[in-house]
1. Report the extension gain between Arg25 and Leu178 in nm, rounded to one decimal, defined as 0.36 nm multiplied by the number of residues separating them, less their alpha carbon distance.
2. Using square roots of five times the C-alpha gyration tensor eigenvalues, list the equivalent-ellipsoid semi-axes of the stretch 1-114 in whole Å, biggest first.
3. Principal axis extents for the chain, Cα atoms only, whole Å, descending order, please.
4. What full-extension length gain, to one decimal in nm, is calculated for Thr187 and Ala135 as 0.36 nm per residue of separation minus the Cα-Cα distance?
5. What is the chain's relative contact order, in percent, from Cα pairs under 8 angstrom and six or more apart in sequence?
6. Using the Kirkwood radius built from alpha carbon pairs, what does the Stokes-Einstein equation give as D for the stretch 145-210 at 20 °C and 1.002 mPa s, in µm² per second?
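Computed from the coordinates by the stated procedures, all read-outs in this text should not be read as laboratory data. Please read all numbers here as calculations on a predicted model, not as lab measurements.
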Amino acid sequence: MAQESARVITLVVVDDHPVVRDGLRGMFDSAPDFEVLGEASNGVEGVDLAVRLDPDVVLMDLRMPGGGGVAAIAELARRGARSKVLVLTTYDTDSDTLPAIEAGATGYLLKDAPRDELFTAVRAAADGRTVLSPAVASRLISRVRTPAAGSEALSVREREVLELVAKGTSNREIAAELFISEATVKTHLTHVFAKLGAKDRAAAVAIGYDRGILG
């Protein structure tokens, strides 16, 4: 029991609906290994709060009056914030999903996710692992069926590395799994990012689902 409560994951909740914020706070406060440090009603407030309170995870809605989630995610990334951003929204449309991940979100969940799935996703996000709900993953797969013009195919090894990244595997673990050095893993990831047009691990995974490379 002591092992479970050894690490408390801190959160900031950003959503324009007070009832949603209250519900999320109540849910997380009922679990011993989470602590909600603060709430914000729009992206601008959310950025200020996250920078000031430095939570492990920011639960971010996307469409909010006074400052949307995608701009807030990009601003947190620009400021070099330590916090991981987990999008929690009702929207899974093409125009919402990929921009949020490309802006720097670690994961993307829909608000109808069960409590246990949300808890698991927050823990994974706090560890820096990519989290995509099944509905969002399916959406991404159907969004782009063919590679973009001029894009290069991944090599077998690059595909293996991407598949392990999608499972939340760290560079060190990937190196051990594939019997290569961490430096080689980083080189493969650099090639994967360049070929997919992705700027980070989460975006590479999303595009991998987009193009049917993963799944």
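1. So the extension gain works out to 51.0 nm.
2. That gives 22, 16, 14 Å for the three semi-axes.
3. Its Cα atoms span 47, 41, 31 Å along the three principal axes.
4. So the extension gain works out to 15.6 nm.
5. Relative contact order for the chain comes out at 15 percent.
6. Approximately 181 µm²/s, per Stokes-Einstein.
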